[in-house]
Amino acid sequence: MSACVKLQLAGQLRRTRPGAPPGTPNPIWNEEFMFVASEPFDEPLVVTVEDRVAPGRDEMLGRIFLPLAAAMPRHDHFGKPVEPRWYSLMRPSDDPDKKEVKFASKIQIRMSLDFGYHVLDESTYYSSDLQPSSKPARKPSIGMLELGVLGARNLVPMKPKDGRTTDAYCVAKYGPKWVRTRTILDTLNPQWNEQYTWEVFDPCTVITVVVFDNGQIGSKNGGGPDQRIGKVRIRLSTLETDRVYTHFYPLLVLNPSGLKKTGELHLAVRFTCTAWVNMMALYGRPLLPKMHYTQPIAVMQLDYLRHQAMQIVAARLSRAEPPLRREVVEYMLDVDSHMFSLRRSKANFHRITSLFFGFLAMLKWYDGIRSWWNSITTVLVHMLFLILICYPELILPTIFLYMFMIGLWNYRFRPRHPSHMDTKLSHAELTHPDELDEEFDTFPSSRPAEIVRMRYDRLRSIGGRVQTVVGDLATQGERAHALLSWRDPRATAIFVFLSLVVAVVLYVTPFQVLMVIGMLYLLRHPRFRSRMPSVPFNFYRRLPARSDMLL
């Protein structure tokens, strides 16, 4: 017997591994699964035990329908563990004319409704709600968000073949509340002038506003999908409190044909804070509820749950009045953000490299000091260093005073408007057409085999460069580990002996003297410096790594 358990909740289906030990009539699984459940919890959990009798053929041994209302509710992680319970499995009668069921076996299940988690239905980077599902565990609001959808201008015609221009409407989402404006018919400059408000529980959240063209109006073929015109995201933490931001935001859409500006959206946004102390205290608290840290969810499972949550939200909003179509909800929630995109990969790579620009600027400044390009600056640095060494208690105050002055200096250059889509940062302006075609390809791919082979070879070449960089980083770390691992006995003996000598020198020599000697040596004039690599650098490069053990 090779029994496994199949669990189904609405459209969510999970399956256990075969029970252990193999062939036993009393299998043990000891597996844990998590599903997304939505109120009013009408759908039952269907538990089916199946036996694999042949390849691709399973025989049902028993089934039970468990209502979610019977599950133990948990609002935090401090409660007692849920006790498992035995349930009777029933099997339908072999006679199709008879509807009665008969007892098959029993199964032990631990089932609970965990309200302490926050159900993520949108990308974690653009979350608009971070509250737990448990209403008693939610914190009080810290302010109000007011959004005025005023209008749009210079929209592109979306229905020129039907003899119309654009039938535009807006959808805004913040937290669990979705709003939709009315549809303005046949115009490229619609004016909505509608206002909406939300309660704010965390300033580090994002409101999303999207403009769509209504595909159900003016269509001769029974209505097509609602076409996207553009998206605007605003992070509340970037807004000044009690200030009204009235701004035209560019609407940008990336299509297989390239980047296209489809118009401008006129919004009025104001974030009003009603609890300053609570808002400032939020900056020191975790983003997600405590359950996400005390009993974390695996990353792969989190992606699966997010996908299921998006499906539930899309199904519910399709039945709302007015309804929101599935393509609208999926675009609002970035359903395809996890798909591979060479354009996004390039953008993320340049984002990482840009983080090192400040560090590289400091290295360039330090190299200019030690190279005596400006003798006055180098002498001033020597004087400042000697003062800090003579009075070490001034080192930390000087560092924090320097950061304070930089912050005040940068205040003049603070952003005047909320940020919007950056085409240069997204690498959307100069993207190759084949890369865009790959990004908008279906999954699995629907392109011919030769195109898929070309893209696979390109991906292999990019992956080869990435693995080379990752291998170099791993090599440097393994060389540091090899200092004391005795993999190179002579190198480790040299390092151990030098460590003893350095310890003795540091013990008998004042720390200020060592710092002065070290800094004067590093800042010595170029005429006293050799172009050859230093001895410590050469020693470190000669240390072994585990790269020579790879196949």
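The values are calculated or read from the model by the stated rules, or taken from the named source; none is laboratory data. What you are looking at is a predicted structure, and each value in this text was computed from that prediction instead of being measured. In this analysis, Cβ positions are derived from the backbone assuming ideal geometry, glycine residues included, and neighbour counts consider all displayed protein chains. Remember, those area values only see protein heavy atoms, side chains included, never the ligands or the DNA or RNA. Shrake-Rupley method; radii C 1.70, N 1.55, O 1.52, S 1.80 Å.
A few remarks follow.
- Computed over the chain, the Cα gyration tensor eigenvalues convert (square root of 5λ each) into semi-axes of 52, 39, 27 Å, ordered from largest to smallest.
- When you filter the trypsin sites (Lys or Arg not before Pro) in region 183-265 for DSSP loop state and at most 10 other Cβ atoms inside 10 Å of their Cβ, you are left with K220, R243.
- A cut-off of 5 Å between modelled amide H atoms, ignoring neighbours fewer than 5 places along the same chain, links W192 with G151, A152.
- Taking label positions 7 Å along the Cα-Cβ direction at both K424 and F539, the computed distance is 4.6 nm, reported to one decimal.
- Here's how it looks for I229: its modeled amide H is under 5 Å from those of V211, F212, D213, which are all 5 or more places away or on a different chain.
- Rounded to whole numbers, the Karplus 3J(HN,Hα) couplings from phi for region 427-441 are 6, 9, 7, 10, 6, 5, x, 5, 5, 5, 5, 5, 5, 9, 5 Hz, using 6.51 cos²θ - 1.76 cosθ + 1.60 with θ = phi - 60°, and x at Gly and Pro.
- Kyte-Doolittle mean at least -0.5, axial Cα span of 30 Å or more - DSSP H helices of the chain: 449-481
- A simple count of charges around F33, restricted to other residues whose Cβ falls under 14 Å of its Cβ and scoring Lys, Arg +1 and Asp, Glu -1, yields +2.
- Charge dipole (Cα centre; +1 on Lys/Arg Cβ, -1 on Asp/Glu Cβ; no other charges) of the chain amounts to roughly 1440 debye.
- Separation of the alpha carbons by more than 19 angstrom is noted, of K6/K290; K159/K424; K135/K177, for K6/K290; K159/K424.
- Averaged over its residues, the chain has an accessible area of 64 Å² per residue, based on protein heavy atoms and a 1.4 Å probe.
- Here's the picture: charge each Lys and Arg Cβ at +1 and each Asp and Glu Cβ at -1 in region 3-114, and of S112, G56, A10 the one pushed furthest to the positive end of that dipole is G56.
- Charge context of V470, other residues only, Cβ under 14 angstrom, K/R +1, D/E -1: 0
- Only helices enter this figure: runs of n ≥ 4 DSSP H residues, each worth -39500 (n - 2.57), summed and divided by the residues of the chain, yield -10000 deg cm²/dmol at 222 nm to the nearest 500.
- Residues with amide H under 5 Å from that of L113, placed H, sequence gap 5 or more: M72, R74
- In a simple Cβ point-charge model (Lys, Arg +1; Asp, Glu -1; nothing else charged), region 342-549 has a dipole of about 560 debye relative to its Cα centre.
- For peptides 65-74, 404-413, sequence by mean Cβ density within 10 Å, most packed first: 65-74, 404-413
- Semi-axes of the equivalent ellipsoid of region 135-333 are 33, 22, 14 Å, computed as sqrt(5λ) over the eigenvalues of the C-alpha gyration tensor in descending order.
- Protein heavy-atom surface of the chain, 1.4 angstrom probe: 62% of the accessible area is carbon and sulfur, with nucleic acids and ligands not counted.
- Euclidean distance between Cα centres, region 225-265 to region 298-314, Å: 26
- Each residue of region 50-66 is assigned a 3J(HN,Hα), and the resulting list reads 10, 10, 7, 9, 7, x, x, 10, 10, 10, 6, 9, x, 8, 8, 9, 9 Hz, derived from the Karplus form 6.51 cos²θ - 1.76 cosθ + 1.60 (θ = phi - 60°), x at Gly and Pro.
- DSSP loop GluC sites (Glu not before Pro) with at most 14 other Cβ within 10 Å: longest gap in the chain: 241-428
- Anisotropy class of region 3-114 from Cα gyration tensor, a/c 1.5 cut: prolate
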